[in-house]
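The values are calculated or read from the model by the stated rules, or taken from the named source; none is laboratory data. Just so we're clear, the structure is a prediction, and the values are computed from it rather than from any experiment. When we count neighbours, we look across all protein chains shown, and the Cβ atoms used for this are built from the backbone with ideal geometry, even at glycine. For accessibility, only protein heavy atoms count, side chains too; no ligands or nucleic acids. Shrake-Rupley method; radii C 1.70, N 1.55, O 1.52, S 1.80 Å.
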Amino acid sequence: MRELVAMSRAPSARDCKSRAELITPFSDFAKVKAAAEPAQFALLIVDHDDNRSLAEIKALYRAWGCGLLIYATAHHNWPKGDKPPAPRWWGVIPLSRAVDADAWLSMREALTALVGCDPAAARIQQGFYAPGLIGTCPKYTSLDATDRASPDSMDSDAPLLREIAVHLADKAGPATKGGARKQPHRKAPTMRLL
């Protein structure tokens, strides 16, 4: 995480996004599902491709009080495909303990839904690009709040994990006649949320 913070403070210049370093939030360098499934994950990643200012993004995470790095994406304030120029950010939350793929995927899907972001970024093998500037990029900026405590995946009192647990419980649906909740299609996370 220290290396990523350093890159966000001094982003490299490049002529296109494809020349940026691709980072995976899991313990393997391959961006393929087969490499991600058995891996351990130590970062929650959110793709804020939704035209919000840095102040708005910061406010989304403030209540959780957790460690966080936010930095401008390669397409920040640039047109992207048929979309007009707009603010675009990566949000990176370091976890104090790595989790398995099932737990991470549940956490990431819940977090993406909670902050209203691009659900495609919740794919298990999805990587993200290191901070960088393309050509004459409009003003690049980042926010480093990694001095705050990282959420502990085993701490049910961590505000972010409580919020994720509530979201996952709501997603699981109402209790059945016998009082048990219907189970989602995916294997339950191996972390304790509540």
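Checked against the criterion of being open to solvent by less than 30 Å² (accessible area, probe 1.4 Å) and within 19 Å of residue 131 (Cβ to Cβ), region 75-83 has at least one qualifying residue. Taken over region 153-168, the criterion of being outside any helix (DSSP H, G or I) and of a type outside the set (Asp, Glu) is satisfied by 153, 154, 156, 158.
Among 49, 28, which is the only one that is open to solvent by less than 40 Å² (accessible area, probe 1.4 Å) and either modelled with pLDDT of 90 or more or acidic (Asp, Glu) (or both)? Of 49, 28, the one residue that is open to solvent by less than 40 Å² (accessible area, probe 1.4 Å) and either modelled with pLDDT of 90 or more or acidic (Asp, Glu) (or both) is 49.
Here is the figure for region 36-46: residues that are under 12 Å from residue 125 (Cα atoms) and either open to solvent by less than 40 Å² (accessible area, probe 1.4 Å) or charged (D, E, K, R) (or both) total 5. Looking at residue 134, is it at pLDDT 90 or above, of a type in the set (A, V, I, L, M) and either more than 17 Å from the chain's Cα centre (by Cα) or closer than 18 Å to residue 68 by Cα (or both)? In short, no.
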